[in-house]
Amino acid sequence: MSAFSKLRNIARDPKEWVNSPSFNNNVQKWTGKSRNFIMNIVIAIILLGVCYIILSPIFGIVSRAFMNPADLANPMVFLVPVNFTLDHVRFAIQYMNFWNTLLITLAFALGLSALHVIICSLVGYGFARFKFPYSNALFALCIVTIVVPVHAYMVPLFVSFRWFLGTNLNLIDNPLSIVLLTATGVGLGSGLYIYIFRQFFRGLPKEIEEAALIDGAGPLRTYAQVMLPNAIPAMVTVLLFAFVWHYNDTFYTSMLIPRTNLMSTMMMSVGFTFSNREDINNPILIQMVVFGGVLLVITPILTIYLILQRFFVEGLERSGIVG
């Protein structure tokens, strides 16, 4: 039937066309398309709003870090500086002793992160593959450490290291205190790292362990030579998490090693140092130098993340903590 004939039949008997299956199918099809179109618009608006909330402070920091103070009095300047300057970044580098601080912080964070990977992977492998009395209860306690804020037990933690093992041995202002926390699996974020490794190892087939057992490998050899080489995505994920948290940590460092020149502590004092040494009391100028310091602090983190992004995402997917 031609299109002209269909239109003529519709004009003669519109009720019959409305009740026809083809009309109902068209209505359902266009209703579904309209619903999907509206939902896509709503989702896009929500995502744009979330992106704006997250990214607008970063754009503001980058803009102020390179903006000349004269641009602040210019109502025509918004985000993009007209008089571009590197003075604020230069002051931040000078008063943070940036390069020396960066090397100390990288060595500190990488060392503790590597220790996290070793200890937490071993504990996670034990929870994933071995059954022993109260294993589920102990793992539940590891999960609890993720939920309970560290501020809830900061006083007992401080006392424990101030009078270590009930003696007069004082480990406050000693990096050994944080090393001991990490080495015993109760350091910064250790509960989450154990959970990641446990979930990852549970997803690996048991046949590879059985093959190693047939070849005469014991549990430790199987863990070191079979399981760890297959857990590279989880290791990279934990390494990135641990590195970023230790790199940015202000709680443990200010409580246990307050006089150590790490990036987080220097970042907190750069504005005060700049104000005193330059005899400047203008809060806007001080804020610009602080923003320059913030930009210097986040640059290494972003660089490392961009390099290891693929392994990081893969590790999150296989550990089951996506979203």
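The values are calculated or read from the model by the stated rules, or taken from the named source; none is laboratory data. Quick caveat: nothing in here was measured; it's all calculated off a predicted structure. No Cβ is skipped: glycine too gets one built from the backbone with ideal geometry, and neighbour counts run over all protein chains shown.
Checked against the criterion of being surrounded by 12 or more Cβ atoms within 10 Å (Cβ to Cβ), in contact with a Lys or Arg (Cβ under 6 Å, 6 or more places away or on another chain) and of a type outside the set (A, V, I, L, M, F, W, C), the candidates Gly60, Gly124 yield just one match: Gly124.
Among helices (runs of 4 or more DSSP H) entirely within the range 216-297, having at least 2 residues that are without any contact (Cβ under 8 Å) to a residue 60 or more places away in the chain, surrounded by fewer than 14 Cβ atoms within 10 Å (Cβ to Cβ) and of a type outside the set (A, V, I, L, M) singles out 263-278.
Filtering the range 90-137 to residues that are under 26 Å from the mean Cα position of the chain (by Cα) and more than 30 Å from Gly293 (Cα to Cα) leaves Ile118, Ile119, Cys120, Ser121, Leu122, Val123, Gly124, Tyr125, Gly126, Phe127, Ala128.
Only one residue in Arg198, Arg162, Arg129, Arg202 is at negative phi, of a type in the set (Lys, Arg) and in contact with a Gly (Cβ under 6 Å, 6 or more places away or on another chain). Which one? Show your work before the answer.
Details: Arg162 fails: in contact with a Gly (Cβ under 6 Å, 6 or more places away or on another chain); Arg129 fails: in contact with a Gly (Cβ under 6 Å, 6 or more places away or on another chain); Arg202 fails: in contact with a Gly (Cβ under 6 Å, 6 or more places away or on another chain).
Exactly one residue qualifies, and that residue is Arg198.
Going residue by residue through the range 111-133, is there one that turns out to be over 30 Å from Tyr223 (Cα atoms), in a helix (DSSP H, G or I) and not basic (Lys, Arg)? Looking through the range 111-133, none of the residues is over 30 Å from Tyr223 (Cα atoms), in a helix (DSSP H, G or I) and not basic (Lys, Arg).
Against the list (1) over 20 Å from Gly185 (Cβ atoms); (2) at pLDDT 85 or above; (3) over 16 Å from the mean Cα position of the chain (by Cα); (4) of a type in the set (A, V, I, L, M, F, W, C), the condition Val297 fails is (3). For the structure I just gave you, tell me whether Ala152 is among the small types (Gly, Ala, Ser), surrounded by fewer than 13 Cβ atoms within 10 Å (Cβ to Cβ) and part of a helix (DSSP H, G or I). In short, yes. Taken over the range 172-229, the criterion of being of a type in the set (Asp, Glu) and in contact with a Leu (Cβ under 9 Å, 6 or more places away or on another chain) is satisfied by Asp173 alone.
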